[in-house]
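Where a number appears in this text, it was derived from the coordinates with a stated rule and is not lab data. As the structure is a computational prediction, the values presented were derived from the model and not from experiment. With ideal geometry, Cβ positions are generated from the backbone for all residues, glycine too; neighbour counts draw on all protein chains shown.
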Amino acid sequence: MTTFADLGLSQKVLSAVTDAGYTIPTPIQAGAIPHALQRRDICGIAQTGTGKTASFVLPMLTLLEKGRARARMPRTLILEPTRELAAQVAENFEKYGKNHKLNVALLIGGVSFEEQDRKLERGADVLICTPGRLLDHCERGKLLMTGVEILVIDEADRMLDMGFIPDIERIAKMIPFTRQTLFFSATMPPEIQKLADRFLQNPERIEVAKPSSTAKTVTQRLVASHNKDYEKRAVLRDLIKAQEDLKNAIIFCNRKVDVADLFRSLERHGFSVGALHGDMDQRSRTTMLQNFRDGNIQLLVASDVAARGLDLPDVGHVFNFDVPIHAEDYVHRIGRTGRAGRSGRAFTLVTRSDTKYLDAIEKLINEKIEWLNGDISALPAPMESHDNERGGRKGRDRDKERGRGRRSDSARADSGRGDSSHKADTKIQDNPIEAVEEAFVEARVENVKPERKADRKPQNNGGNRHTRPSPAPANDDNRERRQRYHRDHDDGPTPVGFGDDIPAFMLIVANAAKA
C-alpha cells in the first residue's frame, strides 16, 4: 500500500502531514503528486472532497523550499472560482506549510485593496485568488506575473459555469510560457477540454471516478409540494418542525434571490436562521459560516456556494428547497451531512415541474429515493394564502361591476337597434370575422363621413361654385380644427401658374425699349 513517504515529498512536508493525522494518500493524491514533483503538467479529473487540494499543495510546498519571492512578483499562482474555496486552500497551506517560512497572499473580493497590497509588497511565494480580484490588482499596476513558476487552475468546470474562462485566458497570457500548469476539474466537457489543450504541454492525465453514489449514512426522502413559493415555504416549515432531533441544517436554493426570500420568511416565523450566497461581502460570509459552525444559528439558507468544498463537518440535516438542476449538485449538497461516519438526513421538496431533474438524480445515484408522505399524485388541493383570497375577492367584485356596466350599456344599445340586432347576432354566429370587419366599416361610414360633409356644407356664394364655403360661427378651437382640415383636404380646382395670387412685381408693365 502506498504511503505519503513513497511519493517523494520533502521531510518538512511529511512531518506536517503526519502531524495532521494522514498516512495513506487518496487516489488523486497518489496519482498527481509524483508527476507534479517532476515538473510535469497535470490534467486531474476529480470531484471536490477527494483530497484534490492536498494533491497540489503538498508538491508545491516541496518545490518552493528552494528560491525566494520578490516584491510584487509571486512565484506560484492558484486560481479558485469562489472566495470560500480560495480561503480553504490558504488554510491548507497554513496547515501543511507550518514548517516552511513562506508568504501566502489571499486575493479575494470583499477585502480592502490596501491590506492585500501590503502582502504583495513583502513578496508572495504563493498567490491564491479569484480571477476578478487578480485582474483588478494587475490593472492597478500592483502585480508583475513574469515570475510565476507554477499555475494551478482549480475547479475549471465551475470556472466555466461562472463565466471566468475569458479572465483565465487573459491571466495565462501574463504568465511565462515555461510555467508548470496543474489543471483540475470535476468534469471534462468539450469546452474544458479545449481549455486544457490550450494551457497544458504534454500533460499527465489522472482521472478519479466521480462519486456518483451517496453515503450510506444519509437517509434520503422526497417531499411532494405544489409549485407556489408560499406553499413550498409552508411545507418546509412543517418539515423542520417535525424533526425532533434537529441540531442544525443547511437549506439549499437554486437562486440567490430565493435564498434572500426564504431567509426573510423563516426569520419572520421565528426560526434561528442565516443566509449565505455569492452577493454577500466577504466579511458577512465568513461571519455567517463561523456562527453556523459555533451553533449560534440553527439553519443556514444557502446557494450552491455552500455545496462544494466548505468544511462543515457536523451538519445533521440538509433540506433541498429546490431540486438541483444538475444531478451532481445533489450528491454534493446531501454530502454536507452524514460525514465522518455520522448519520444524517436529507429532504428534497419536489414539484410537478421537477420530475425530469429528479429522474436525472436517481439515474446518477442508481437508486430510487423514497417519498416521505406519498408522491406528487397524492398532493392535496392547492392552498390559498390570505392575500390571494383578499385579492381574488376584489378581482371578482371588479369583474361583477364591469359585467353589470357592460350589460346596462348593451341594454341601452339594444333598445335602439330593433331587428338589425338580431341580424347582426346571426351574422356573428355564422361568420364572426366578416361581421367584425363589416361593423368596423359601418362605424367609419356613420361617424366619419357625416362629419366631413357637415364641414363642407355648400352655401350660396354668388354663383362662384369654386369659392370655399364660409364656415359657420364657432369658437377658436373649432375654427383651428376646420382650418387644419381644409389645409389637408383641398377639393378646389387645380390652380394654373400662380392662380389668383400673382406677385405684385409681375403686374408692372415694362417700358418699351427706346429705339
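If you count, for each residue, the other Cβ atoms within 10 Å and average over each peptide, how do 259-269, 138-148 line up from highest to lowest?
Answer by packing, highest mean first, reads 259-269, 138-148.
With the calculation restricted to Cα positions, what are the radius of gyration and Dmax of the stretch 217-318 in angstrom?
13.2, 37
Pop a pseudo-label 7 angstrom from the Cα along the beta-carbon direction at both Arg237 and Phe505 and give the gap in nm to one decimal.
9.0 nm
If each residue of separation counts as 0.36 nm, what is the full-extension length gain between His269 and Lys95 once their alpha-carbon separation is subtracted?
So the chain would gain 58.5 nm between His269 and Lys95.
So for the stretch 4-207: antiparallel DSSP bridges make up what percent, rounded to the nearest 5?
Antiparallel: roughly 5 percent of the beta bridges in the stretch 4-207.
How much length is gained if the chain between Asn103 and Arg198 is pulled fully straight, taking 0.36 nm per residue apart and subtracting their Cα-Cα distance, in nm to one decimal?
31.2 nm is the gain from fully extending Asn103 to Arg198.
Per-residue counts of other Cβ atoms within 10 Å, averaged by peptide: what ranking do you get for 292-299, 29-36, highest first?
29-36, 292-299
For the pair Arg283 and Leu135, what calculated FRET efficiency results from E = 1/(1 + (r/R0)^6), where r is the Cβ-Cβ distance and R0 = 25 Å, to the nearest 0.05?
That pair, Leu135 with Arg283, gives E of 0.70.
Can you give me the pair-distance distribution of the stretch 4-207, C-alpha pairs, 5 Å bins, whole percents?
In whole percents, the pair-distance histogram is 1, 7, 17, 21, 22, 17, 10, 4, 0.
Between Leu246 and Thr2, what length comes free when the chain is fully extended (0.36 nm per residue of separation minus the Cα-Cα distance, one decimal in nm)?
Net length gain for the segment: 83.8 nm.
Tell me the net charge near Tyr357. Cut-off is 13 Å between Cβ atoms, Tyr357 excluded, with +1 for each Lys or Arg and -1 for each Asp or Glu.
Net of charged neighbours comes to -2.
Would you mind calculating the relative contact order of the stretch 228-335 from Cα pairs under 8 angstrom and at least 6 residues apart, reporting the percent as a whole number?
Across the stretch 228-335, relative contact order equals 37 percent.
According to the square roots a ≥ b ≥ c of the eigenvalues of the Cα gyration tensor, what is the shape class of the stretch 11-94, taking rounded for a/c under 1.5, prolate for a/b larger than b/c otherwise, and oblate for the remainder?
Taking the square roots of the gyration eigenvalues as a ≥ b ≥ c, the stretch 11-94 is rounded.
What list of ³J(HN,Hα) values in whole Hz, one per residue of the stretch 70-85 in order, does the Karplus curve 6.51 cos²θ - 1.76 cosθ + 1.60 (θ = phi - 60°) give from phi, with Gly and Pro shown as x?
Per residue, the Karplus-derived 3J(HN,Hα) values read 10, 4, 6, 10, x, 8, 9, 9, 10, 9, 10, x, 10, 5, 5, 5 Hz.
Tell me, what is the FRET efficiency for Arg70 and Asp161 to the nearest 0.05, using R0 = 41 angstrom and their Cβ-Cβ distance as r?
After rounding to 0.05, the efficiency reads 0.70.
Too long at a 18 Å Cα-Cα cut-off: which of Lys216/Lys356; Lys12/Lys95; Lys216/Lys241; Lys52/Lys95; Lys119/Lys142; Lys52/Lys363?
Beyond 18 Å between Cα atoms: Lys216/Lys356; Lys216/Lys241; Lys52/Lys363.
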